[in-house]
């Protein structure tokens, strides 16, 4: 028998709820809609009463936002797929916090991908709660600082300002932090590079993605190397030497 995700739909527009119900019935057979709510207060009541595993949560509602609901919910033992009509300021925070979201009008492919992701996490008893703590922190920042990653069956977050570099390690990624600690995460270096494309991280060689804010010195002789603020010596791909120097100059990062 197929494992069914018990879902609550939260949206102030009844037409949107009905439309989502139709799409879920047709394209997401692993989802069972157990209730609906049209306000933050009603959603809070339904969570206590129905104990959903997944909530489809509209961001903008007349008497409070989806974030208000999340902030007031004291026991978030569920996953959330946010739904929004606008590609607004929250989207960047969602991406850094590993939060699933769908833009209105809902596209079937986006809906099925988001549902399948949550479904697999639930089947494997994956703990998602740290995502929401990181989300609130990221929403307060102009540029999100917390990056949520998967590690050892749960989501954890790291402060990007404390990261020295990411390193390939046994087909996973090892995060080296400025305090000397390391965290092995279930990601690929390519995925990390893509998610941080707008941040100050640079692929100095095939296996290393470095925080250029932590670069202290570039050794230009020989093949080239990078020395970080903690003294770590990293190999620099000779073909990337000039490009890295250009990036440092553009960011007004001082190095020797």
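The values are calculated or read from the model by the stated rules, or taken from the named source; none is laboratory data. Owing to the predicted nature of the structure, the values given are computational and were not obtained by experimental measurement. Note: ideal-geometry Cβ built from the backbone for every residue, glycine included; neighbour counts use all protein chains shown.
Per-structure values
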item	result
Some residue of the range 112-128 being in the same structural domain as residue 18 (by TED's automatic domain parsing), within 12 Å of the chain's Cα centre (by Cα), surrounded by 13 or more Cβ atoms within 10 Å (Cβ to Cβ) and closer than 22 Å to residue 53 by Cβ	yes
Selection from the range 1-22 of residues that are more than 21 Å from residue 40 (Cβ to Cβ) and in contact with a strand residue (DSSP E or B) (Cβ under 9 Å, 6 or more places away or on another chain)	4, 5
Candidates 95, 113, 104 - the one that is out of contact with any strand residue (DSSP E or B) (no Cβ under 7 Å at 6 or more places or on another chain) and touching a residue at least 60 places away in the same chain (Cβ under 8 Å)	95
Residues being out of contact with any strand residue (DSSP E or B) (no Cβ under 6 Å at 6 or more places or on another chain) and either surrounded by 12 or more Cβ atoms within 10 Å (Cβ to Cβ) or more than 21 Å from residue 244 (Cβ to Cβ) (or both) - total across the range 178-199	9
Selection count, the range 121-131, where residues are in contact with a strand residue (DSSP E or B) (Cβ under 9 Å, 6 or more places away or on another chain) and part of a helix (DSSP H, G or I)	4
Those residues of the range 220-230 which are in contact with a strand residue (DSSP E or B) (Cβ under 9 Å, 6 or more places away or on another chain) and free of Cβ contacts under 8 Å to residues at least 12 places away in the same chain, in sequence order	225
Answer from 134, 150 - the residue that is part of a strand (DSSP E or B) and either touching a residue at least 40 places away in the same chain (Cβ under 8 Å) or under 23 Å from residue 99 (Cα atoms) (or both)	150
Output for the range 168-177, where each listed residue is surrounded by 19 or more Cβ atoms within 10 Å (Cβ to Cβ) and under 16 Å from residue 231 (Cβ atoms)	176
